[in-house]
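The values are calculated or read from the model by the stated rules, or taken from the named source; none is laboratory data. This structure is a prediction, so every number in the text was calculated from the model and none was measured. Cβ atoms come from the backbone with ideal geometry, glycine included; neighbour counts cover every protein chain shown.
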Amino acid sequence: MSLLMNYNDHRFIEIAQLIFQEQFRRDPKLYREMDERRRRLMYEDVVYNISFLMTSVYFSDVKIFEGYAIWIYELLCNLMKDLDRDRIMVQMTDHYRIMSEILAGHAQDILTEEELEKVSRYLDLAIVATENAVTDIEHSSSFNHGDHFNIRKDYLDALLTGDAKRAHNIISSARERGLPIIDIYEDILTKTMHEIGELWHRHVITVDKEHYATSVTQTIMSSFYDEIFESPRKNKTLLSCAVGSELHEMGIRMLSDLFEHGGWDTYYLGAALPEDSIIEAIREYKPDLVALSVTMPPYLGVCEKITKRIRAEFPEVKIAVGGQAFNNTDRLWEKWGVDYHSPSANELLEWAQEAVR
């Protein structure tokens, strides 16, 4: 049967070469992403892709090629960890579109009209399967559990596929339906950004996707500022920052926003602030509560030093610590004499409203 092609058939080789060349022509960035070894392997993949497609058409079984499309996508994601899943999806879906065009224009002497129709349909289904595979990943238990999972999952999917507009719409729609800001921050944004960090640590996504997700989330947070700063004041003051050279500041920024929404005046100092600058800020702003965040365990020592200095120089100021670095400690904060440790911004806010008079 002609569909089960011989790899040495000149027509088969010609079609594979045309597909290979056309993809580089349409996507100049691809050449920069592929060294000589990758380009050689990519051509071999083109041959295999056509072979699997022809087998699927021969047996009139779309599942053969659909399953292969998902398998080859996940394989490439695992082999090319320097590229984001979304980028590899674009490479493969572009590839299937090019395959469809070139087979339609150069395989009439090989395939019947009915077979060409199957080629087009099977490749369209492979495109859909590959697009869906971008977000079809295993999530952590903390991400899966809790309120508003469907919104959280939709938001994560929008970030993973690089759809900032959809991400904004998901959150704005949730707010319009009456979901409180504190729920949006705690159950959706915070949990999603923790999951983004987990996916990066597992090499499921690249660091540029993590930065992208952070940027989109920060922009969404800023869209709530008019509402946040309209809250009635309670004459209580929070000063917050991420200590040491810590650059993971998203959590402490969210905490500051929620305190501001709760009626506190907040001074959010950001990240990578020297110890002396933190002390000087406390002296200037005279906060009722200082909140320090640590994400990476190597900065726990820096946090301990700062808390002890704050306690010595400002004994009346309450101190709270938090962040992922404390998760795998034996209640380390209790040895520092801080007033409170909380795994969530909401818990800290509830405690502070009662503890600070």
**OP:** Would you mind stating whether Met54 is modelled with pLDDT of 95 or more and not β-branched (Val, Ile, Thr)?
**Re:** no
Subject >> Single residue of Arg202, Arg175 found to be farther than 29 Å from Ile319 by Cα, free of Cβ contacts under 8 Å to residues at least 12 places away in the same chain and not aliphatic (A, V, I, L, M) >> reply: Arg202
Original post:
Is it the case that region 308-318 has a residue that's in a loop (DSSP other than H, G, I, E, B) and surrounded by 20 or more Cβ atoms within 10 Å (Cβ to Cβ)?
Top reply: no
Subject >> region 89-117, residues that are closer than 28 Å to Tyr31 by Cβ and outside any helix (DSSP H, G or I) >> reply: Ala107
**OP:** Working carefully through the options Tyr58, Tyr43, Tyr48, find the one that is touching a helix residue (DSSP H, G or I) at 6+ places or on another chain (Cβ under 6 Å) and hydroxyl-bearing (Ser, Thr, Tyr).
**Re:** Tyr43
Original post:
Just one of Ile50, Ile88 is surrounded by 19 or more Cβ atoms within 10 Å (Cβ to Cβ) and either more than 25 Å from Asp208 (Cβ to Cβ) or of a type in the set (Ser, Thr, Tyr) (or both); which is it?
Top reply: Ile50
Subject >> Residue within region 157-164 that is within 16 Å of the chain's Cα centre (by Cα) and free of Cβ contacts under 8 Å to residues at least 12 places away in the same chain present >> reply: yes
Subject >> Leu156 on the phi < 0 side of the Ramachandran plot, assigned to a helix (DSSP H, G or I), crowded, with 17+ Cβ neighbours inside 10 Å and in the same structural domain as Gly197 (by TED's automatic domain parsing) >> reply: yes
Original post:
If you scan region 319-331, which residues turn out to be part of a loop (DSSP other than H, G, I, E, B) and buried (at least 18 other Cβ atoms within 10 Å of the Cβ)?
Top reply: Gly323
Original post:
Just for region 71-112: of the residues that are touching a helix residue (DSSP H, G or I) at 6+ places or on another chain (Cβ under 8 Å) and among the small types (Gly, Ala, Ser), which one is nearest to Val46 (Cα to Cα)?
Top reply: Ser100
**OP:** Using the structure shown, decide if Ile182 is over 17 Å from the mean Cα position of the chain (by Cα), assigned to a helix (DSSP H, G or I) and within 30 Å of Tyr96 (Cα to Cα).
**Re:** no
Original post:
Among (1) assigned to a helix (DSSP H, G or I); (2) under 24 Å from Tyr212 (Cβ atoms); (3) in contact (Cβ under 8 Å) with a residue 60 or more places away in the chain, which single condition is Glu14 missing?
Top reply: (2)
**OP:** Among the residues of region 278-322, count how many are modelled with pLDDT under 95, small (Gly, Ala, Ser) and more than 23 Å from Gly263 (Cβ to Cβ).
**Re:** 1
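Residues are listed down the side, and each one gets a yes or a no for (1) in the same structural domain as Leu76 (by TED's automatic domain parsing); (2) among the small types (Gly, Ala, Ser); (3) more than 19 Å from the chain's Cα centre (by Cα):
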position	(1), (2), (3)
Val204	no, no, no
Val207	no, no, no
Glu210	no, no, no
Ser215	no, yes, no
Leu238	no, no, yes
Val243	no, no, yes
**OP:** Identify all residues within region 135-153 that are surrounded by 20 or more Cβ atoms within 10 Å (Cβ to Cβ) and not basic (Lys, Arg); write none if there are none.
**Re:** Ile151
**OP:** Pull up region 332-343, narrow it to residues that are assigned to a loop (DSSP other than H, G, I, E, B) and surrounded by fewer than 17 Cβ atoms within 10 Å (Cβ to Cβ), then point me to the one that is nearest to the chain's Cα centre (by Cα).
**Re:** Pro343
Original post:
Does at least one position in region 210-218 carry a residue that is surrounded by 16 or more Cβ atoms within 10 Å (Cβ to Cβ) and of a type in the set (D, E, K, R)?
Top reply: yes
Original post:
Can you tell me which of Ser120, Ser142 is of a type in the set (S, T, N, Q), within 30 Å of His203 (Cβ to Cβ) and part of a helix (DSSP H, G or I)?
Top reply: Ser142
Subject >> Selection from region 91-114 of residues that are more than 39 Å from the chain's Cα centre (by Cα) and crowded, with 18+ Cβ neighbours inside 10 Å >> reply: Ala107, Leu111
**OP:** Assess whether Asp86 counts as being closer than 17 Å to Thr130 by Cα, in a helix (DSSP H, G or I) and touching an Asp or Glu at 6+ places or on another chain (Cβ under 9 Å).
**Re:** no
Subject >> Residue in region 182-192 that is surrounded by the most Cβ atoms within 10 Å (Cβ to Cβ), counting only those that are at pLDDT 95 or above and of a type in the set (A, V, I, L, M) >> reply: Ile188
